[in-house]
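Let me begin by presenting the structure, written as C-alpha coordinates, before commenting on it.
The values are calculated or read from the model by the stated rules, or taken from the named source; none is laboratory data. Just so it is clear, the structure is predicted and the values come from calculations on it, not from any experiment. Cβ: placed from backbone, ideal geometry, glycine included. Neighbour counts: every protein chain shown.
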Amino acid sequence: MQGKIGLEEHFAIEDTIEDSNGFLDPGIWPELKSRLLDVQGKRIGFMDQYEVEMMILSLNAPAIQAISDTARATEIAIKSNDILAEEVAKNPKRFQALAALPMQDPEAAALELQRCVKDLGFVGALVNGFSELEEENSAVYYDLKQYWPFWKVVEELDVPFYLHPRNPLPIDSRIYDGHPWLMGPTWAFAQETAVHALRLICSGLFDEYPKIQIILGHMGEGIPFNLWRIDNRNGWVKAPPTYPAKRLVADYIQENFHITTSGNFRTQTLIDTLLEVGADRILFSTDYPFEGVEDAALWFDDASISEADRLKIGRTNAQKLFKLD
Ligand code: MN
(Lines give C-alpha, C1' and ligand atoms only; values in the text may rest on other atoms or scores of the structure.)
Protein backbone atom coordinates (compact mmCIF):
# COMPACT_ATOMS: atom_id res chain seq x y z
CA MET A 1 0.00 0.00 0.00
CA GLN A 2 1.38 3.37 -1.00
CA GLY A 3 1.54 6.30 1.42
CA LYS A 4 1.70 4.43 4.70
CA ILE A 5 2.37 6.41 7.88
CA GLY A 6 4.15 4.82 10.86
CA LEU A 7 4.12 6.29 14.35
CA GLU A 8 6.15 4.00 16.56
CA GLU A 9 9.45 4.61 14.85
CA HIS A 10 12.52 5.28 16.92
CA PHE A 11 15.79 7.12 16.76
CA ALA A 12 18.47 7.69 19.41
CA ILE A 13 21.05 10.29 20.34
CA GLU A 14 24.52 9.56 21.76
CA ASP A 15 23.23 10.17 25.32
CA THR A 16 20.52 7.49 25.04
CA ILE A 17 21.84 5.00 22.48
CA GLU A 18 23.25 2.54 25.04
CA ASP A 19 19.74 2.04 26.48
CA SER A 20 18.98 -0.02 23.38
CA ASN A 21 22.07 -2.24 23.73
CA GLY A 22 21.53 -5.73 25.13
CA PHE A 23 18.03 -6.47 23.84
CA LEU A 24 19.31 -8.31 20.76
CA ASP A 25 22.25 -10.60 19.97
CA PRO A 26 25.52 -8.61 20.42
CA GLY A 27 26.40 -9.32 16.79
CA ILE A 28 23.38 -7.28 15.69
CA TRP A 29 24.25 -4.26 17.84
CA PRO A 30 26.49 -2.38 15.36
CA GLU A 31 23.73 -2.49 12.73
CA LEU A 32 20.93 -1.66 15.18
CA LYS A 33 22.99 1.20 16.59
CA SER A 34 23.64 2.66 13.16
CA ARG A 35 19.93 2.40 12.27
CA LEU A 36 18.93 4.17 15.50
CA LEU A 37 21.38 7.03 15.00
CA ASP A 38 20.39 7.44 11.34
CA VAL A 39 17.41 9.49 10.26
CA GLN A 40 17.93 10.70 6.68
CA GLY A 41 19.93 7.79 5.23
CA LYS A 42 19.20 4.07 5.29
CA ARG A 43 15.86 4.74 7.00
CA ILE A 44 14.51 6.62 3.98
CA GLY A 45 15.75 3.80 1.76
CA PHE A 46 13.57 1.30 3.65
CA MET A 47 10.65 3.73 3.66
CA ASP A 48 10.86 4.21 -0.11
CA GLN A 49 11.25 0.52 -0.81
CA TYR A 50 8.22 -0.48 1.28
CA GLU A 51 6.01 2.55 0.57
CA VAL A 52 6.11 4.17 3.98
CA GLU A 53 5.59 7.84 3.19
CA MET A 54 6.08 9.17 6.69
CA MET A 55 7.53 8.12 10.03
CA ILE A 56 6.51 10.01 13.15
CA LEU A 57 9.72 9.69 15.13
CA SER A 58 10.36 9.18 18.84
CA LEU A 59 13.34 8.61 21.10
CA ASN A 60 14.45 5.07 22.02
CA ALA A 61 13.60 3.45 25.39
CA PRO A 62 13.68 3.74 28.32
CA ALA A 63 15.93 6.81 27.84
CA ILE A 64 14.45 9.80 29.70
CA GLN A 65 12.24 7.68 31.97
CA ALA A 66 15.28 5.83 33.38
CA ILE A 67 17.25 8.97 34.29
CA SER A 68 16.59 9.30 38.02
CA ASP A 69 18.21 12.75 38.27
CA THR A 70 15.27 14.98 37.34
CA ALA A 71 17.40 17.91 36.17
CA ARG A 72 19.38 15.59 33.92
CA ALA A 73 16.19 13.94 32.61
CA THR A 74 14.84 17.37 31.70
CA GLU A 75 18.11 18.40 30.05
CA ILE A 76 18.33 15.24 27.89
CA ALA A 77 14.65 15.47 26.94
CA ILE A 78 15.12 19.04 25.73
CA LYS A 79 18.33 18.11 23.91
CA SER A 80 16.81 15.10 22.14
CA ASN A 81 13.68 17.07 21.19
CA ASP A 82 15.83 19.85 19.72
CA ILE A 83 17.86 17.34 17.71
CA LEU A 84 14.67 15.67 16.49
CA ALA A 85 13.17 19.02 15.50
CA GLU A 86 16.26 19.70 13.33
CA GLU A 87 15.95 16.31 11.63
CA VAL A 88 12.23 16.82 10.93
CA ALA A 89 12.90 20.30 9.53
CA LYS A 90 15.24 18.77 6.94
CA ASN A 91 12.43 16.61 5.54
CA PRO A 92 9.00 17.40 7.01
CA LYS A 93 7.09 15.48 4.32
CA ARG A 94 8.75 12.26 5.46
CA PHE A 95 9.18 12.89 9.19
CA GLN A 96 7.18 14.33 12.05
CA ALA A 97 7.95 14.13 15.77
CA LEU A 98 6.70 12.93 19.14
CA ALA A 99 8.19 14.62 22.21
CA ALA A 100 10.30 12.90 24.85
CA LEU A 101 9.18 14.15 28.27
CA PRO A 102 10.83 14.34 31.72
CA MET A 103 7.87 12.78 33.52
CA GLN A 104 9.90 12.68 36.75
CA ASP A 105 8.66 16.27 37.17
CA PRO A 106 5.05 16.66 35.97
CA GLU A 107 5.40 20.43 35.67
CA ALA A 108 8.60 20.20 33.62
CA ALA A 109 6.97 17.55 31.44
CA ALA A 110 3.97 19.81 30.77
CA LEU A 111 6.24 22.75 29.94
CA GLU A 112 8.35 20.66 27.57
CA LEU A 113 5.26 19.26 25.84
CA GLN A 114 3.94 22.81 25.37
CA ARG A 115 7.29 23.91 23.95
CA CYS A 116 7.48 20.94 21.60
CA VAL A 117 3.93 21.35 20.29
CA LYS A 118 3.74 25.14 20.12
CA ASP A 119 7.33 26.09 19.24
CA LEU A 120 8.70 23.00 17.50
CA GLY A 121 5.54 21.75 15.77
CA PHE A 122 5.57 18.27 17.31
CA VAL A 123 2.37 16.26 16.90
CA GLY A 124 2.29 14.47 20.27
CA ALA A 125 4.40 12.78 22.94
CA LEU A 126 5.86 9.32 23.43
CA VAL A 127 6.77 8.25 26.96
CA ASN A 128 8.45 4.98 27.91
CA GLY A 129 6.34 3.76 30.81
CA PHE A 130 6.92 4.65 34.46
CA SER A 131 9.64 7.10 35.52
CA GLU A 132 12.38 6.51 38.06
CA LEU A 133 12.96 9.11 40.75
CA GLU A 134 16.09 9.68 42.82
CA GLU A 135 15.07 7.43 45.69
CA GLU A 136 16.17 3.87 44.97
CA ASN A 137 13.70 1.49 43.26
CA SER A 138 11.11 4.20 42.74
CA ALA A 139 8.68 3.88 39.86
CA VAL A 140 6.00 6.50 39.35
CA TYR A 141 2.93 5.75 37.26
CA TYR A 142 0.96 8.54 35.65
CA ASP A 143 -2.45 7.82 37.14
CA LEU A 144 -1.11 9.32 40.40
CA LYS A 145 -2.78 12.59 41.36
CA GLN A 146 0.39 14.66 40.94
CA TYR A 147 0.10 13.95 37.18
CA TRP A 148 -3.44 15.21 36.71
CA PRO A 149 -2.37 18.83 36.00
CA PHE A 150 -0.04 17.38 33.32
CA TRP A 151 -2.96 15.49 31.76
CA LYS A 152 -5.00 18.70 31.72
CA VAL A 153 -2.28 20.23 29.55
CA VAL A 154 -2.29 17.18 27.27
CA GLU A 155 -6.04 17.57 26.80
CA GLU A 156 -5.76 21.30 26.18
CA LEU A 157 -3.00 20.86 23.61
CA ASP A 158 -5.17 18.19 21.94
CA VAL A 159 -2.25 15.92 21.01
CA PRO A 160 -2.01 12.14 21.52
CA PHE A 161 0.20 10.54 24.18
CA TYR A 162 1.93 7.29 23.17
CA LEU A 163 2.45 5.02 26.18
CA HIS A 164 5.45 2.97 25.07
CA PRO A 165 6.85 -0.08 26.92
CA ARG A 166 9.84 -0.49 29.18
CA ASN A 167 10.88 -3.41 31.34
CA PRO A 168 9.88 -3.46 35.03
CA LEU A 169 12.65 -2.68 37.52
CA PRO A 170 14.54 -5.74 38.86
CA ILE A 171 12.75 -5.39 42.20
CA ASP A 172 9.43 -5.74 40.38
CA SER A 173 10.58 -8.59 38.12
CA ARG A 174 10.67 -11.53 40.52
CA ILE A 175 8.22 -13.51 38.39
CA TYR A 176 10.80 -13.43 35.57
CA ASP A 177 13.73 -14.66 37.73
CA GLY A 178 15.60 -17.36 35.83
CA HIS A 179 13.62 -16.61 32.68
CA PRO A 180 15.33 -13.58 31.15
CA TRP A 181 13.93 -14.48 27.71
CA LEU A 182 10.49 -13.42 28.98
CA MET A 183 11.66 -9.84 29.52
CA GLY A 184 11.27 -7.20 26.82
CA PRO A 185 9.06 -7.77 23.79
CA THR A 186 8.44 -11.46 24.54
CA TRP A 187 6.14 -10.69 27.48
CA ALA A 188 7.31 -8.18 30.14
CA PHE A 189 6.85 -5.09 27.92
CA ALA A 190 3.20 -5.94 27.31
CA GLN A 191 2.46 -6.82 30.95
CA GLU A 192 4.08 -3.63 32.24
CA THR A 193 2.40 -1.36 29.69
CA ALA A 194 -1.04 -2.97 29.83
CA VAL A 195 -1.20 -2.60 33.60
CA HIS A 196 -0.11 1.04 33.32
CA ALA A 197 -2.86 1.71 30.77
CA LEU A 198 -5.45 -0.01 32.98
CA ARG A 199 -4.29 2.10 35.94
CA LEU A 200 -4.92 5.26 33.87
CA ILE A 201 -8.39 4.02 32.94
CA CYS A 202 -9.52 2.79 36.36
CA SER A 203 -8.25 5.92 38.15
CA GLY A 204 -11.02 7.96 36.54
CA LEU A 205 -8.55 10.09 34.57
CA PHE A 206 -10.69 9.96 31.44
CA ASP A 207 -13.82 11.01 33.30
CA GLU A 208 -11.98 14.18 34.32
CA TYR A 209 -10.30 14.70 30.93
CA PRO A 210 -12.50 12.91 28.39
CA LYS A 211 -10.72 14.18 25.28
CA ILE A 212 -7.29 12.65 26.07
CA GLN A 213 -6.11 10.14 23.47
CA ILE A 214 -3.58 7.48 24.53
CA ILE A 215 -1.83 5.33 21.94
CA LEU A 216 -0.76 1.77 22.73
CA GLY A 217 1.61 -0.13 20.47
CA HIS A 218 2.03 -3.84 19.76
CA MET A 219 -1.68 -4.33 18.96
CA GLY A 220 -2.74 -2.98 22.34
CA GLU A 221 -0.28 -4.86 24.59
CA GLY A 222 -2.74 -7.75 25.00
CA ILE A 223 -5.68 -5.65 26.19
CA PRO A 224 -8.03 -6.22 23.21
CA PHE A 225 -7.75 -9.98 23.65
CA ASN A 226 -8.69 -9.70 27.33
CA LEU A 227 -11.13 -6.82 27.16
CA TRP A 228 -14.31 -8.81 27.72
CA ARG A 229 -12.85 -10.63 30.71
CA ILE A 230 -11.66 -7.39 32.33
CA ASP A 231 -15.23 -6.07 32.40
CA ASN A 232 -17.10 -9.34 32.92
CA ARG A 233 -15.16 -11.41 35.47
CA ASN A 234 -17.38 -13.28 37.91
CA GLY A 235 -20.31 -12.09 35.80
CA TRP A 236 -22.91 -14.15 37.68
CA VAL A 237 -22.34 -11.99 40.79
CA LYS A 238 -23.44 -8.81 38.97
CA ALA A 239 -21.16 -6.75 41.21
CA PRO A 240 -20.38 -3.24 39.93
CA PRO A 241 -16.69 -2.31 39.40
CA THR A 242 -14.87 -1.15 42.54
CA TYR A 243 -12.52 1.31 40.81
CA PRO A 244 -12.98 5.12 40.83
CA ALA A 245 -13.74 5.39 37.08
CA LYS A 246 -17.39 5.72 36.15
CA ARG A 247 -17.67 3.33 33.23
CA LEU A 248 -16.51 -0.04 31.92
CA VAL A 249 -12.90 -0.38 30.81
CA ALA A 250 -14.05 -1.20 27.27
CA ASP A 251 -15.79 2.19 27.04
CA TYR A 252 -12.53 4.03 27.65
CA ILE A 253 -10.55 1.76 25.33
CA GLN A 254 -13.06 2.57 22.59
CA GLU A 255 -13.09 6.34 23.24
CA ASN A 256 -9.70 7.33 24.69
CA PHE A 257 -7.27 4.90 23.06
CA HIS A 258 -5.71 4.17 19.70
CA ILE A 259 -3.74 1.00 18.96
CA THR A 260 -0.86 0.43 16.56
CA THR A 261 0.42 -2.67 14.79
CA SER A 262 4.02 -2.03 15.88
CA GLY A 263 6.01 -5.24 16.33
CA ASN A 264 2.91 -7.45 16.11
CA PHE A 265 2.46 -8.40 12.48
CA ARG A 266 -0.29 -10.96 12.78
CA THR A 267 -3.61 -10.88 10.92
CA GLN A 268 -5.43 -12.99 13.53
CA THR A 269 -4.45 -10.45 16.21
CA LEU A 270 -5.37 -7.51 13.98
CA ILE A 271 -8.83 -8.98 13.35
CA ASP A 272 -9.43 -9.44 17.08
CA THR A 273 -8.44 -5.80 17.60
CA LEU A 274 -10.68 -4.72 14.71
CA LEU A 275 -13.61 -6.55 16.31
CA GLU A 276 -12.98 -4.88 19.69
CA VAL A 277 -12.19 -1.27 18.75
CA GLY A 278 -13.01 -0.88 15.05
CA ALA A 279 -10.89 0.26 12.11
CA ASP A 280 -10.95 3.93 13.10
CA ARG A 281 -8.73 3.36 16.17
CA ILE A 282 -6.00 1.15 14.70
CA LEU A 283 -2.89 2.58 13.04
CA PHE A 284 -0.03 1.00 11.11
CA SER A 285 3.42 1.18 12.70
CA THR A 286 6.60 -0.88 12.48
CA ASP A 287 8.70 -0.27 15.65
CA TYR A 288 11.73 0.38 13.44
CA PRO A 289 14.61 -0.30 13.89
CA PHE A 290 13.79 -3.00 16.43
CA GLU A 291 11.58 -4.49 13.74
CA GLY A 292 12.14 -4.37 10.00
CA VAL A 293 10.07 -2.07 7.80
CA GLU A 294 9.97 -4.99 5.34
CA ASP A 295 8.31 -7.35 7.85
CA ALA A 296 5.71 -4.77 8.86
CA ALA A 297 4.92 -3.60 5.33
CA LEU A 298 4.90 -6.95 3.52
CA TRP A 299 2.52 -8.33 6.16
CA PHE A 300 0.24 -5.29 6.31
CA ASP A 301 0.01 -4.69 2.56
CA ASP A 302 -1.25 -8.25 2.09
CA ALA A 303 -3.30 -8.79 5.28
CA SER A 304 -6.82 -10.13 4.72
CA ILE A 305 -8.78 -7.01 5.63
CA SER A 306 -10.91 -4.71 3.47
CA GLU A 307 -9.16 -2.13 1.32
CA ALA A 308 -11.19 0.57 3.09
CA ASP A 309 -9.80 -0.56 6.44
CA ARG A 310 -6.28 -0.88 5.02
CA LEU A 311 -6.42 2.76 3.92
CA LYS A 312 -7.65 3.92 7.34
CA ILE A 313 -5.15 1.87 9.32
CA GLY A 314 -2.26 2.47 6.96
CA ARG A 315 -2.73 6.21 6.46
CA THR A 316 -5.88 8.24 7.03
CA ASN A 317 -6.34 7.49 10.75
CA ALA A 318 -2.87 8.92 11.39
CA GLN A 319 -3.60 11.97 9.23
CA LYS A 320 -6.68 12.68 11.33
CA LEU A 321 -5.25 11.87 14.74
CA PHE A 322 -2.13 14.02 14.22
CA LYS A 323 -3.85 16.64 12.05
CA LEU A 324 -1.32 16.11 9.26
CA ASP A 325 -1.96 18.13 6.14
MN1 MN B 1 9.06 0.69 20.27
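Please enumerate the residues belonging to segment 247-269 that are surrounded by fewer than 24 Cβ atoms within 10 Å (Cβ to Cβ) and among the aliphatic types (A, V, I, L, M).
Passing the criteria: L248, V249, A250.
Picking from S58, S68, S138, which residue would you name as being in contact with an Asp or Glu (Cβ under 8 Å, 6 or more places away or on another chain) and under 15 Å from F11 (Cβ atoms)?
Working: S68 fails: under 15 Å from F11 (Cβ atoms); S138 fails: under 15 Å from F11 (Cβ atoms).
It is S58.
Could you give every pair whose Cβ atoms fall below 9 Å, whose first residue belongs to segment 3-26 and is without any contact (Cβ under 8 Å) to a residue 12 or more places away in the chain and of a type in the set (D, E), and whose second residue is within 15 Å of the ligand (Cβ to nearest atom) and part of a loop (DSSP other than H, G, I, E, B), counting only separations of at least 6 or pairs across chains?
E18/A12
Being in contact with a Ser or Thr (Cβ under 8 Å, 6 or more places away or on another chain), part of a helix (DSSP H, G or I) and away from the ligand (no atom under 16 Å from the Cβ): is that true of A77 here?
Details: in contact with a Ser or Thr (Cβ under 8 Å, 6 or more places away or on another chain): no; part of a helix (DSSP H, G or I): yes; away from the ligand (no atom under 16 Å from the Cβ): yes.
No.
Taking interchain pairs and intrachain pairs at least six residues apart, which have beta carbon atoms under 7 angstrom, with the first residue in segment 161-188 and in a loop (DSSP other than H, G, I, E, B) and the second hydroxyl-bearing (S, T, Y) and within 15 Å of the ligand (Cβ to nearest atom)?
Listed by first residue and then by second, the contacts come to P165/T193.
Please go through (1) in contact with a strand residue (DSSP E or B) (Cβ under 7 Å, 6 or more places away or on another chain); (2) over 27 Å from D295 (Cβ atoms) for L111 and return the number of the only condition it doesn't satisfy.
(1)
As an exercise: evaluate L36 against (1) within 16 Å of the ligand (Cβ to nearest atom); (2) within 22 Å of A139 (Cβ to Cβ); (3) modelled with pLDDT of 95 or more and give the number of the one condition it does not meet.
(2)
Looking at segment 240-274 only, could you name the residues that are in a helix (DSSP H, G or I) and without any contact (Cβ under 8 Å) to a residue 24 or more places away in the chain?
Step one: of segment 240-274, the residues in a helix (DSSP H, G or I) are 249-256, 267-274.
Correct list: D251, Q268.
Can you name every residue in segment 276-294 that is touching a residue at least 40 places away in the same chain (Cβ under 8 Å) and surrounded by fewer than 17 Cβ atoms within 10 Å (Cβ to Cβ)?
Within segment 276-294, G292, E294 meet the criteria.
Name the single residue that is farthest from the chain's Cα centre (by Cα) among those in segment 199-238 being within 16 Å of the ligand (Cβ to nearest atom) and among the small types (G, A, S). Spell out how you get there, then give the answer.
Filtering segment 199-238 for residues within 16 Å of the ligand (Cβ to nearest atom) gives 214-222.
Now narrow it down to the ones that are among the small types (G, A, S): 217, 220, 222.
Numbers: G217: 5, G220: 10, G222: 14 Å.
So the residue we want is G222.
Identify all residues within segment 39-57 that are of a type outside the set (A, V, I, L, M) and over 20 Å from the mean Cα position of the chain (by Cα); write none if there are none. Full working, then the answer.
Let us first name the residues in segment 39-57 that are of a type outside the set (A, V, I, L, M), namely 40-43, 45-46, 48-51, 53.
Of everything in segment 39-57, those that are of a type outside the set (A, V, I, L, M) and over 20 Å from the mean Cα position of the chain (by Cα) turn out to be Q40, G41, K42, G45, F46, D48, Q49, Y50, E51.
Condition test on E87, is it in a helix (DSSP H, G or I), acidic (D, E) and either farther than 22 Å from S131 by Cβ or within 16 Å of the ligand (Cβ to nearest atom) (or both)? Steps first, please.
Values: in a helix (DSSP H, G or I): yes; acidic (D, E): yes; either farther than 22 Å from S131 by Cβ or within 16 Å of the ligand (Cβ to nearest atom) (or both): yes.
Here the answer is yes, as E87 does meet what is asked.
Here are some conditions: (1) more than 16 Å from the ligand (Cβ to nearest atom); (2) touching a Phe, Trp or Tyr at 6+ places or on another chain (Cβ under 7 Å); (3) over 29 Å from K211 (Cα atoms); (4) not hydroxyl-bearing (S, T, Y). A303 meets all but one. Which one does it not meet?
Of the numbered conditions (1) more than 16 Å from the ligand (Cβ to nearest atom); (2) touching a Phe, Trp or Tyr at 6+ places or on another chain (Cβ under 7 Å); (3) over 29 Å from K211 (Cα atoms); (4) not hydroxyl-bearing (S, T, Y), the odd one out for A303 is (2).
Just checking, how many residues over segment 1-33 are under 18 Å from R166 (Cβ atoms), in a helix (DSSP H, G or I) and either away from the ligand (no atom under 13 Å from the Cβ) or under 19 Å from the mean Cα position of the chain (by Cα) (or both)?
4
If you scan segment 296-325, which residues turn out to be in contact (Cβ under 8 Å) with a residue 40 or more places away in the chain, surrounded by fewer than 18 Cβ atoms within 10 Å (Cβ to Cβ) and under 19 Å from the mean Cα position of the chain (by Cα)?
Q319, K323, L324
Can you find a residue that is crowded, with 18+ Cβ neighbours inside 10 Å, more than 20 Å from A99 (Cβ to Cβ), under 20 Å from the mean Cα position of the chain (by Cα) and within 16 Å of the ligand (Cβ to nearest atom) anywhere in segment 58-70? Can you show your working first?
Of all residues in segment 58-70, those crowded, with 18+ Cβ neighbours inside 10 Å come to 58-67.
Next cut, more than 20 Å from A99 (Cβ to Cβ) only: none.
Checking segment 58-70: not a single residue is crowded, with 18+ Cβ neighbours inside 10 Å, more than 20 Å from A99 (Cβ to Cβ), under 20 Å from the mean Cα position of the chain (by Cα) and within 16 Å of the ligand (Cβ to nearest atom).
For (1) more than 19 Å from A296 (Cβ to Cβ); (2) touching a helix residue (DSSP H, G or I) at 6+ places or on another chain (Cβ under 7 Å), each residue gets a yes or a no:
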residue	(1), (2)
L24	no, yes
G45	no, no
I78	yes, yes
D82	yes, no
E86	yes, no
L98	no, no
